[in-house]
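Undergrad: I'd like to ask you about the structure that follows.
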Amino acid sequence: RHSGLPSRAPNSMNNYGLVLNEIGLRPAFSAVLKEVLLPIGARLFGNDEDRITAFKGEAVETEDWGGSTLDDHHSFIVQYRPTDDKHLDMHIDECDVTFNFGITSHDNFEGNDLTFCGMFDSADHRKYHHTYKHVKGRCVVHSGKRRHGAMDIEKGERASLIMWTKSRTFRRTEAYRERNRKGLTYGDADRVCLSYTHDPDYKNLMPKKQQYHMKRREEGQSGNETPLRTEKKWIEVCAASELLEGQSKLLKLKEENEQIAVFKYKGELFALENRCAHMGGSLCDGEIEDIGTEHLGSSDSKASDGMVICPRHYMCFNLRTGENVEGDFTMKQQVYPVRLSQDGQRIQVEVEIEVSAETMESVAIEEHPLVEVQRAPLWLCGIPNKVFATLPFALGLCSLMMAANIIFDNVLSKYLK
């Protein structure tokens, strides 16, 4: 960052890093690919003549992904920190064979394990396969078409040098076109393999409080399997005077794992889910403008409606309906009721809050009072509240009645038996 070198996002999912091909290193990494990595790619993902079937007695079970003719690459460095890119959502790479080199000592970070799931066109595409812990100086080699992601980094900072390699020869074959024509396979899923970027059923399958996080498999699989009781509450966002025309305010509900962006446009208030339905970018940081007549997401949209533009990939959403204005109905933002307080001084948003297990239990007892009946302590029965107004008298009386309660309770228990 301080070197002055080009530091654009290395790919469409990582925001922090460095594209090595853009700082004069393409020839060097081309030589590395040809002299060092091509033979490895051929043995693991090459044609039938080059590809091994077993290694140290273990079946490899890989397929031909052009590893014998790798001739192009996109080489870059990615960086993860808890305050920046803290994880990498599940995805497949835009390449044929990926070489991922650890360049950070494992003493410098915790978490951020690389988790692998199934191949993009297989029935187990979203089923857990393997977890890899990064080690400095070690390279993990995998098919670009295998679903994978980096879990949340918990402490420190980690970086990897990655080479996405391609075979232009293999990509011209009918076999390659046929496999890619089918597209992604969904089906059954383990939570650790779900993607908030690519899976249309993500929010149905991932518990609300785990969404937009990348938890380790042993953490992410736990959670409530049945919906919890919820109740709607009006939450204050800010003073009305703090939200100016054309601006936005962000409301973060940490316990609920929810983010709400509140906008003021043409004198009206609007509230949408802050995380973009495309790849989780912050809509609160986006610009607002009229939709116009070119792109209307549905008949309910109007040219005069406002839209917010996600700053990450420029997806546009109707402020009133939450719809993607390009007409992609798989990407829609949740819309929240928003209002001014009765005195007009505060902006409030209505949010559905989960009721805790303790609250649910107390509610259940109130609804079914005969499920469990407990005897009231005798020392509390019939004593007016005003007796306890004098503290010394109250303490003496409490002690006396507690002793009497123990005696009478024991006698009563024996009598009832």
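The values are calculated or read from the model by the stated rules, or taken from the named source; none is laboratory data. Bear in mind the structure is a predicted one, so any value in this text is a computation, not a measurement. We place every Cβ from the backbone using ideal geometry, glycine too, and count neighbours over all the protein chains shown. Just so you know, the surface numbers come from the protein's heavy atoms only, side chains and all, with ligands and any DNA or RNA stripped out. Shrake-Rupley method; radii C 1.70, N 1.55, O 1.52, S 1.80 Å.
Undergrad: With (1) within 16 Å of PHE170 (Cα to Cα); (2) of a type in the set (Phe, Trp, Tyr); (3) modelled with pLDDT under 95 as the list, and PHE55 as the residue in question, which single condition is left unmet?
TA: All conditions pass for PHE55, except number (1).
Undergrad: Now a separate question. Of everything in segment 248-261 that's assigned to a strand (DSSP E or B) and among the basic types (Lys, Arg), which residue is least open to solvent (accessible area, probe 1.4 Å)?
TA: Among those that are assigned to a strand (DSSP E or B) and among the basic types (Lys, Arg), it is LYS249.
Undergrad: To continue, here is another question. Just give me the residues in segment 55-113 being β-branched (Val, Ile, Thr) and over 15 Å from GLY149 (Cα atoms), in sequence order.
TA: Selection gives VAL60, THR62, THR69, ILE77, THR83, VAL97, ILE103, THR104.
Undergrad: Let me ask another. Do we find a residue being modelled with pLDDT under 85, open to solvent by 30 Å² or more (accessible area, probe 1.4 Å) and within 19 Å of the chain's Cα centre (by Cα) anywhere in segment 186-195?
TA: yes
Undergrad: For residues in segment 239-280 being hydroxyl-bearing (Ser, Thr, Tyr) and in contact with a strand residue (DSSP E or B) (Cβ under 9 Å, 6 or more places away or on another chain), which is nearest to ARG320 (Cα to Cα)?
TA: Going through the qualifying residues, I end up with TYR265.
Undergrad: Residues of segment 11-52 being touching a Leu at 6+ places or on another chain (Cβ under 8 Å), open to solvent by less than 40 Å² (accessible area, probe 1.4 Å) and not in a helix (DSSP H, G or I), which ones?
TA: If the condition is that a residue be touching a Leu at 6+ places or on another chain (Cβ under 8 Å), open to solvent by less than 40 Å² (accessible area, probe 1.4 Å) and not in a helix (DSSP H, G or I), then MET13, ASN14, LEU18, ILE52 are the ones that fit.
Undergrad: Right, next: Could you go through segment 7-23 and let me know if any residue there is within 20 Å of HIS134 (Cβ to Cβ) and among the hydroxyl-bearing types (Ser, Thr, Tyr).
TA: Yes: one or more hits.
Undergrad: Let me ask something else about it. Would you check if ARG171 is of a type in the set (Lys, Arg) and open to solvent by 40 Å² or more (accessible area, probe 1.4 Å)?
TA: yes
Undergrad: Could you please give the count of residues in segment 322-354 that are among the hydroxyl-bearing types (Ser, Thr, Tyr), open to solvent by less than 80 Å² (accessible area, probe 1.4 Å) and closer than 21 Å to TYR202 by Cα?
TA: Adding up the residues that qualify gives 1.
Undergrad: Do we find a residue being at pLDDT below 90 and either part of a loop (DSSP other than H, G, I, E, B) or surrounded by fewer than 21 Cβ atoms within 10 Å (Cβ to Cβ) (or both) anywhere in segment 262-270?
TA: No, because not a single residue in segment 262-270 is at pLDDT below 90 and either part of a loop (DSSP other than H, G, I, E, B) or surrounded by fewer than 21 Cβ atoms within 10 Å (Cβ to Cβ) (or both).
Undergrad: Hey, could you check segment 80-89 for residues that are charged (D, E, K, R) and open to solvent by less than 30 Å² (accessible area, probe 1.4 Å) and say which is farthest from THR62 (Cα to Cα)?
TA: ASP85
Undergrad: While we're looking at this one, here's another question. Can you name the strands (runs of 3 or more DSSP E) wholly within segment 131-192 that have at least 3 residues being free of Cβ contacts under 8 Å to residues at least 60 places away in the same chain?
TA: The strands (runs of 3 or more DSSP E) meeting that bar are 139-143, 146-150.
Undergrad: Working only within segment 299-310, note down all residues that are open to solvent by less than 60 Å² (accessible area, probe 1.4 Å) and assigned to a loop (DSSP other than H, G, I, E, B).
TA: Within segment 299-310, SER301, ALA303, ASP305, CYS310 meet the criteria.
Undergrad: Could you tell me which of the residues LEU228, LEU296 is in a loop (DSSP other than H, G, I, E, B), within 27 Å of the chain's Cα centre (by Cα) and modelled with pLDDT under 80?
TA: LEU228
Undergrad: Looking at ALA277, is it part of a strand (DSSP E or B) and small (Gly, Ala, Ser)?
TA: no
Undergrad: Let me ask something else. Can you pull out every residue in segment 90-142 that is open to solvent by 10 Å² or more (accessible area, probe 1.4 Å), of a type in the set (S, T, N, Q) and either out of contact with any Lys or Arg (no Cβ under 8 Å at 6 or more places or on another chain) or more than 17 Å from VAL78 (Cβ to Cβ) (or both)?
TA: If the condition is that a residue be open to solvent by 10 Å² or more (accessible area, probe 1.4 Å), of a type in the set (S, T, N, Q) and either out of contact with any Lys or Arg (no Cβ under 8 Å at 6 or more places or on another chain) or more than 17 Å from VAL78 (Cβ to Cβ) (or both), then ASN100, SER122, THR131 are the ones that fit.
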